[in-house]
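The values are calculated or read from the model by the stated rules, or taken from the named source; none is laboratory data. Keep in mind it's a predicted model, so treat the numbers as computed, not measured. Cβ atoms come from the backbone with ideal geometry, glycine included; neighbour counts cover every protein chain shown. Ligands, DNA and RNA are stripped out before the accessible areas are found, and what is left, the full protein with its side chains, is counted by its heavy atoms. Shrake-Rupley method; radii C 1.70, N 1.55, O 1.52, S 1.80 Å.
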Amino acid sequence: MSEDSAFLFWTDADGAVRRTKIGSRPVTIGSSDICIVSLPADAAATVHGVIEREHGRPLIRRLSRTRPLEVNGEATDEAQLSHGDRVRAGDADIVYLEPRALAPRTLRLTLRLEESADEIEVEVAGAMTVIGRAEGDLLIEDASVSRQHLEIENFGDGLVWVRDLDSTNGSELNGEPLTQRRPLLPGDLLKAGRILIRVNEGNEPPEGLDSAPQQHVSFGQDHALA
């Protein structure tokens, strides 16, 4: 495991889902602006806890004298963290995730042009999938799509998020502007430029697959995968 090979997903005071990378330095958690994970003031103590590495593994410690710290629903003053653990600092929820090349299950994406009824279906297997016109894991040949347009983070059931990558034409989630990272659920509808993308759960990645292949989508005359 590399020094910077873990993430925390959490919700900030503005209601935005944030992702913080855990490296070799301690990661402080609390409502103070000096904390790396800065939680809403009414949710956590000023400096609620800290995550440090001990013998290569992440260890979370409670620093607040009065507010509780829980890992997977159990109160603790100190605990090692493993992939998928859910931390509760006061009233705030944090998820600890270790990166992986493949998601536990693929996502089935159904794509079509805004003005067309013709659809193209693909399955994406990566834990992190960048959708763009020229750079990424799923390349869409359409001028309305930015070079890098969207990123989908798929760590399993209830652990799927989507964010816009500062695209030129913007993105939408279920008809609303996608201005910050949001949870992504089966049945949700994304829009990237003029491309509509319906998201559903797929299958387990094919046996023997160790990385997600890059895929190309072209809305040419035959409306087929390139």
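A few comments on the model shown:
- Theoretical FRET efficiency, 1/(1+(r/R0)^6), r = Cβ-Cβ of D157 and A117, R0 25 Å, to 0.05: 0.20
- Solvent-accessible area per residue in the chain equals 51 Å², computed with a 1.4 angstrom probe and all protein chains kept.
- Normalised contact order of the stretch 1-149, rounded percent, pairs of Cα under 8 Å and 6 or more residues apart: 15
- Taking the accessible area of the stretch 1-118, probe 1.4 Å, and keeping the other protein chains in place, the carbon and sulfur fraction comes to 43%.
- Loop-located GluC sites (Glu not before Pro) across the stretch 95-157 with a Cβ neighbour count of 15 or fewer within 10 Å are E114, E115, E119, E135, with loop assigned by DSSP.
- For T106, solvent-accessible area (1.4 Å; no DNA, RNA or ligand), Å²: 10
- Net charge of the neighbourhood of V47, taken over other residues with C-beta under 14 Å away and scored Lys/Arg +1, Asp/Glu -1, is +2.
- This model, with +1 at the C-beta of Lys and Arg and -1 at the C-beta of Asp and Glu, gives the chain a dipole about its Cα centre of some 700 debye.
- The trypsin sites (Lys or Arg not before Pro) of the stretch 96-190 that meet both conditions, a loop assignment by DSSP and at most 15 other Cβ atoms within 10 Å of the site Cβ, are R100, R147.
- Translational D in µm²/s for the stretch 60-187 (Stokes-Einstein at 4 °C, 1.567 mPa s, Kirkwood Rh from C-alpha pairs): 77
- Look at the alpha carbon pairs under 8 Å that are at least 6 residues apart: their mean separation over the length of the stretch 87-226 gives a relative contact order of 26 percent.
- Of the GluC sites (Glu not before Pro) in the stretch 158-224, those whose Cβ has at most 13 other Cβ within 10 Å and which sit in DSSP loop: E207
- A Förster radius of 25 Å combined with the Cβ-Cβ distance from E201 to R86 puts the calculated FRET efficiency at roughly 0.75.
- Gyration tensor (alpha-carbon) shape descriptor, the stretch 1-71, a/c threshold 1.5: oblate
- Euclidean distance of C-alpha centroids, the stretch 98-174 and the stretch 32-50, integer Å: 32
- Coordinate range along principal axes, alpha carbons of the chain, Å, largest first: 66, 38, 26
- Coordinate range of the alpha-carbon atoms in the stretch 1-133 per principal axis, descending: 60, 34, 26 Å.
- Global geometry of the stretch 135-226, whether rounded, prolate or oblate, following the gyration tensor of its Cα atoms and the 1.5 cut on a/c: oblate
- Spin-label model, T110/Q180: points 7 Å from Cα along the beta carbon direction are separated by 3.1 nm.
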